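The values are calculated or read from the model by the stated rules, or taken from the named source; none is laboratory data. Quick caveat, the model's predicted, so the values are computed rather than measured. Methodologically, a virtual Cβ is constructed for each residue, glycine included, from the backbone with ideal geometry; neighbour enumeration extends over all protein chains shown.
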């Protein structure tokens, strides 16, 4: 019985070795060992970190410790080291010294003084010259009260606003508008919240437009009006405390009145200027 088992083991080993030999021959035919050796000779690919381009790293914010006053916490403030407090932010401490606290105010733009040139904020010299030439030109009849006020009111009630017939005259919101009272030219002036004055004109025949923005003021335009003998004098007023008049012959806004202590919220000018 033992002999039979040993013979079976020998036969199994022979069959196993024969199968391994055939497998090796098959691998050699397929040239797999050579390919495996080449792969082994290659350097391992370096692991590349993911790029962070365009990804904003979120900054870790340190927790802010909420500061609560003693009064909020239900405790009575001790008032230690404080001898007295007075108006104007002055605090006197017990050792005789004092501390003055002045709340910071936002810086105000510098108020322009003296004559201000008629210059486009966008440095458009051609439109500047065209607009001044138009205002200096031969003037037709000045507008005034029409012979029939009922007809004028009826005409105004029939007016409508079309989107394709709108034009942006000022950079920020326009707060005052004035139409030059002339029959031979269409000129509109508008003042905005930042002290700019926009002047717009359109040719009745060709439809050519001129649009100029100037800045005689540094704050909210509180009023404007065309008046004067030729009706081409443009008076303007602003919260910056100045009133000005556009002199088209010189191309400047003259300072008519100014105040360092007051802001002008409204004004009026007589018909003759």
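Structure above, values below:
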read-out: Test: residue in the range 255-267 that is within 27 Å of the chain's Cα centre (by Cα) and in a strand (DSSP E or B); value: no
read-out: Any hit, the range 250-266, residues being crowded, with 19+ Cβ neighbours inside 10 Å, in contact with a strand residue (DSSP E or B) (Cβ under 9 Å, 6 or more places away or on another chain) and at pLDDT 90 or above; value: yes
read-out: Total residues in the range 161-202, condition more than 24 Å from the chain's Cα centre (by Cα), in contact (Cβ under 8 Å) with a residue 60 or more places away in the chain and part of a loop (DSSP other than H, G, I, E, B); value: 0
